[in-house]
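Peer 1: Before we start, here is the structure in question, set down as structure tokens.
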Amino acid sequence: MKFGIIVFPGANCDRDVAYVTRDILGQPTRMVWHEDSDLGDLDVVVVPGGFSYGDYLRCGAIARFSPAMQATLAHANQGKLVLGICNGFQILTEMGLLPGALVRNRDMRFICDRVPLTVERTDLRWTQGYTPGQVITLPIAHGEGCYYADPATLAELEANRQIVFRYSSPEGGVDAAHNPNGSLGNIAGICNPQGNVLGLMPHPERAADAVLGGVDGLPLFHSLVQALVAA
């Protein structure tokens with residue numbers, strides 16, 4: 001399988017993802033410049049974290065119009081896999097590939113920390129390496145990570161089981177005390193109804209090597225590789 005990682009001016013997590021996919025997992029990986037629109041050789045497109053185009057206007061609002069993201073839209077609409085991490089999640093919501101929006105954190109401060117999450121679904125190609133209800137710890141680093149959607153959209157997310165990760169206590173309790181940014185429903189990550197597009201604010205690529213202090217993000221990438229190899 002082959003990964004493609006979109007590279008924007010201002011991106012700063014693209015090489016982190018490449019380290020996981022290429023160096024840890026040994027999978028072919030191509031860095032895709034934001035002006036490139038040819039994604040035909042890719043199985044998975046990763047839209048990484050950072051500050052695409054300097055986050056001018058608002059996070060992801062300019063990146064959505066790049067040739068690479070228009071090609072990513074077509075890639076997703078063909079049922080192929082797309083992963084958006086942090087700024088990548090923001091871009092996917094701006095494009096309408098995922099519902100809702102990411103707005104300023106509840107306390108109006110940038111947060112850089114490690115937080116526990118519960119894994120809400122393990123039947124997706126992204127999450128088959130986890131166990132139901134498993135609590136994992138991933139880093140977060142964002143100023144606009146508060147997930148917001150109108151009540152009808154939130155109800156649809158719940159009904160369709162599109163909420164994949166929630167902020168929680170280390171024991172798995174989902175409550176306001178363990179919500180770092182004010183996200184509605186403690187939402188940390190969601191997928192589209194088909195499950196081929198996943199967006200999350202925490203950084204699994206920063207928790208994929210023991211030298212960084214944890215490997216709770218590695219099963220997400222392992223799950224994907226194993227699912228595609230078995231397909």
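Only the coordinates and a few stated rules stand behind these numbers; no lab work does. For clarity, every value in this text was computed on a predicted model and none was experimentally measured. Note: ideal-geometry Cβ built from the backbone for every residue, glycine included; neighbour counts use all protein chains shown.
Peer 1: Can you name every residue in segment 69-93 that is surrounded by 16 or more Cβ atoms within 10 Å (Cβ to Cβ) and not in a helix (DSSP H, G or I)?
Peer 2: Scanning segment 69-93 gives 80, 81, 82, 83, 84, 85, 86.
Peer 1: Further question on the same structure: Of the residues 81, 57, 25, only one is out of contact with any strand residue (DSSP E or B) (no Cβ under 8 Å at 6 or more places or on another chain) and more than 18 Å from residue 101 (Cα to Cα); which?
Peer 2: Among 81, 57, 25, only 25 is out of contact with any strand residue (DSSP E or B) (no Cβ under 8 Å at 6 or more places or on another chain) and more than 18 Å from residue 101 (Cα to Cα).
Peer 1: How about segment 38-68: which of its residues are part of a helix (DSSP H, G or I) and more than 21 Å from residue 193 (Cα to Cα)?
Peer 2: First pass over segment 38-68, keeping only residues part of a helix (DSSP H, G or I): 52-55, 63-65, 67-68.
Passing the criteria: 52, 53, 54, 55, 63, 65, 67, 68.
Peer 1: Restricting segment 203-229 to residues that are of a type in the set (Asp, Glu) and more than 15 Å from residue 119 (Cβ to Cβ), which is surrounded by the fewest Cβ atoms within 10 Å (Cβ to Cβ)?
Peer 2: 209
Peer 1: Based on this model, can you work out whether residue 24 counts as surrounded by fewer than 19 Cβ atoms within 10 Å (Cβ to Cβ), of a type in the set (A, V, I, L, M) and more than 18 Å from the chain's Cα centre (by Cα)? I'd like the intermediate steps shown before the answer.
Peer 2: Numbers: surrounded by fewer than 19 Cβ atoms within 10 Å (Cβ to Cβ): yes; of a type in the set (A, V, I, L, M): yes; more than 18 Å from the chain's Cα centre (by Cα): yes.
Considered against the rule, which asks whether it is surrounded by fewer than 19 Cβ atoms within 10 Å (Cβ to Cβ), of a type in the set (A, V, I, L, M) and more than 18 Å from the chain's Cα centre (by Cα), residue 24 comes out as yes.
Peer 1: Ok, one more. Only residues that are under 19 Å from residue 50 (Cα atoms), of a type outside the set (Phe, Trp, Tyr), touching a residue at least 24 places away in the same chain (Cβ under 8 Å) and part of a helix (DSSP H, G or I): list them for segment 11-37, please.
Peer 2: 14, 16, 17, 20, 21
Peer 1: Something else about it: Within segment 74-88, how many residues are touching a helix residue (DSSP H, G or I) at 6+ places or on another chain (Cβ under 6 Å) and more than 16 Å from residue 200 (Cβ to Cβ)?
Peer 2: Total meeting the criteria: 0.
Peer 1: Residue by residue through segment 203-216, note down the ones that are in contact (Cβ under 8 Å) with a residue 24 or more places away in the chain and either within 23 Å of residue 105 (Cα to Cα) or in a helix (DSSP H, G or I) (or both).
Peer 2: 203, 204, 205, 206, 207
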